[in-house]
Amino acid sequence: MAAHGSKKVIYAALAGNGLISITKFAAAAFTGSSAMMSEGIHSLVDTGNQGLLLYGMKRAKQPADKQHPFGYGAELYFWSFVVAILIFAVGSGVSIYEGVQKVIHPHPVSNPMVNYIVLALAFAFESVAWWIALKEFNQTRGGRSLFQTVRDSKDPTLFTVLFEDSAAMLGLMVAAIGLAAAQVLGLPWLDGAASIAIGLILAATAAFLAFETKGLLIGEGASPEIISSIRQIVEASPTVTAVNEIRTLHRGPHDILLALSLDFEDQVKAGAIEDAIYSMEQTIKRQNPDVTRLFIEVQASRHHEEMIKAEEEQRMLDA
């Protein structure tokens, strides 16, 4: 997905959550609802998270320098991981704390109709932001399931906003059910129970996002389609006798580091090898624009196999 698409999703969520959080806090202060206070905290955390994602996208665009020769693309993955931690620590933690306090010290909610109106408006706003995120997300699916697309995605901004908005809509429904149950049954502690449930929803969302962004932060390889394209280009070169190894690393959603180990014909002169490498590099980058950095190692297949064997033996000794 293009960067402008990710930004559109984030800006939509940022505007919606900012307005919603103010409205929710006002309603919580007016009615004394614990579930509404949790929803306000949830929206405020989401607003801050969108700001962090935008900051991460800006930082990721910095050019490479001496301290970071491969650029700053991975900053986006770092800030996406921070977002997941904040959802868990702040959103989930505070919501559960507020809920427990309300369960221990229950008190009736005043003017519940105000909360229902705010929840309905918030659900409408969240639905718009969620629909924009889902529409952009579906453009990347290509027939895959939702979770498989998330697993394969190298752009955490899109699925982070989508799951945040999904958790927000689910939280709004839980808050409404909790408020209605507390009012109808005359059990004010149910409002606190709804707040705890919202906290658990946020905890589950945070855990899932942390797991996915952790993989990106550690380093994930390019898609099988890109690797297959690279292999076909390299094997098409008449000077190459074997592809020893293809290693890829996503430094960002559209920033792939590629390392190749190739065995060339022994009788080919150095100049011809240089020309072949240049031609392969041009073709690879033209057909796969996300490959921004490419390094080719000229190595005999037998030497490569010996090096791999030595590495495996060393790992066994270290274990």
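The values are calculated or read from the model by the stated rules, or taken from the named source; none is laboratory data. The structure presented is a predicted model; accordingly, all values stated were derived computationally and were not measured. Quick reminder, even Gly has a Cβ in these numbers, built from the backbone with ideal geometry, and neighbours come from all protein chains shown.
Here is a yes/no grid of residues against (1) over 32 Å from the mean Cα position of the chain (by Cα); (2) of a type outside the set (S, T, N, Q):
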site: ILE218; (1), (2): no, yes
site: SER229; (1), (2): no, no
site: ASP255; (1), (2): no, yes
site: ALA259; (1), (2): no, yes
site: VAL268; (1), (2): yes, yes
site: GLN282; (1), (2): no, no
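Results for (1) under 18 Å from ASN17 (Cβ atoms); (2) surrounded by fewer than 17 Cβ atoms within 10 Å (Cβ to Cβ), shown as yes or no for each residue.
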{"residue": "TRP79", "(1), (2)": "yes, no"}
{"residue": "ALA124", "(1), (2)": "yes, yes"}
{"residue": "PHE147", "(1), (2)": "no, yes"}
{"residue": "ARG151", "(1), (2)": "no, yes"}
{"residue": "LEU162", "(1), (2)": "yes, no"}
{"residue": "ILE177", "(1), (2)": "no, yes"}
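Do the conditions hold for THR248, that is, is it polar (S, T, N, Q), buried (at least 16 other Cβ atoms within 10 Å of the Cβ) and either touching a residue at least 60 places away in the same chain (Cβ under 8 Å) or assigned by TED's automatic domain parsing to the domain that holds PHE81 (or both)?
Against the criterion (polar (S, T, N, Q), buried (at least 16 other Cβ atoms within 10 Å of the Cβ) and either touching a residue at least 60 places away in the same chain (Cβ under 8 Å) or assigned by TED's automatic domain parsing to the domain that holds PHE81 (or both)), THR248 does not qualify.
For the subset of segment 213-239 comprising residues that are among the aliphatic types (A, V, I, L, M) and in contact (Cβ under 8 Å) with a residue 40 or more places away in the chain, which member is surrounded by the most Cβ atoms within 10 Å (Cβ to Cβ)? Write out each step before concluding.
If we filter segment 213-239 for residues that are among the aliphatic types (A, V, I, L, M), which is where we start, we get 216-218, 222, 226-227, 230, 233-234, 236.
Still in the list and also in contact (Cβ under 8 Å) with a residue 40 or more places away in the chain: 216-217, 222, 226, 230, 233-234.
On the way: LEU216: 22, LEU217: 16, ALA222: 22, ILE226: 19, ILE230: 24, ILE233: 19, VAL234: 19.
Residue satisfying both the conditions and the ranking: ILE230.
Any idea which of LEU162, LEU170 is of a type in the set (A, V, I, L, M), modelled with pLDDT of 90 or more, under 23 Å from ALA12 (Cβ atoms) and under 25 Å from the mean Cα position of the chain (by Cα)? Spell out the reasoning first.
Working: LEU162 fails: modelled with pLDDT of 90 or more.
The match here is LEU170.
Does VAL100 fit the bill of being surrounded by fewer than 20 Cβ atoms within 10 Å (Cβ to Cβ), part of a helix (DSSP H, G or I) and more than 18 Å from the chain's Cα centre (by Cα)?
So VAL100 passes the test.
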